[in-house]
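Visitor: My structure is below; once you've seen it, I'll send some questions.
The values are calculated or read from the model by the stated rules, or taken from the named source; none is laboratory data. Computed from a prediction, not measured in an experiment: that's the story for all the values here. A quick note on method: Cβ atoms are made from the backbone with ideal geometry, for glycine too, and the neighbour counts reach across all protein chains shown.
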Amino acid sequence: MKRNFTVQSTLNDPNSNTNPVIPSAVVWIPTNDTGAVGATASLQTAYVFSPTYVQILLNSGSGSVKATVVQANVANQ
């Protein structure tokens, strides 16, 4: 069975010192890149802002999905 996945992000932060959100209340929003919603193949996408967190939701299938997130203009450590 092929995997079907969606890239999601949030600006909610359970670790915030000033405005923490409990993990169960974090609101995950699918990316506005329609190619990364319900995707079944390798892809590259970008955000025009820096989300607090990014996750990959496995909609169907078995196994796993690998993601690499890189922030522009940040030197590798």
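Visitor: Looking at the structure I just gave you, is THR6 surrounded by 13 or more Cβ atoms within 10 Å (Cβ to Cβ), in contact with a helix residue (DSSP H, G or I) (Cβ under 8 Å, 6 or more places away or on another chain) and at pLDDT 95 or above?
Guide: Yes; evaluated as a whole, the condition is true for this residue.
Visitor: Can you name every residue in segment 20-43 that is in a loop (DSSP other than H, G, I, E, B) and closer than 14 Å to PHE5 by Cβ?
Guide: TRP28, THR31, ASP33, VAL37, GLY38, THR40, ALA41, SER42, LEU43, listed by residue number.
Visitor: Could you tell me which of the residues ASN59, ASN17 is polar (S, T, N, Q) and in contact (Cβ under 8 Å) with a residue 24 or more places away in the chain?
Guide: ASN59
Visitor: In segment 58-77, which residue that is at pLDDT 90 or above and within 15 Å of LYS2 (Cβ to Cβ) is surrounded by the fewest Cβ atoms within 10 Å (Cβ to Cβ)?
Guide: It comes out as SER60.
Visitor: Could you please let me know if PHE49 is under 12 Å from the mean Cα position of the chain (by Cα) and either outside any loop (DSSP other than H, G, I, E, B) or without any contact (Cβ under 8 Å) to a residue 24 or more places away in the chain (or both)?
Guide: Spelling it out, it is not the case that PHE49 is under 12 Å from the mean Cα position of the chain (by Cα) and either outside any loop (DSSP other than H, G, I, E, B) or without any contact (Cβ under 8 Å) to a residue 24 or more places away in the chain (or both).
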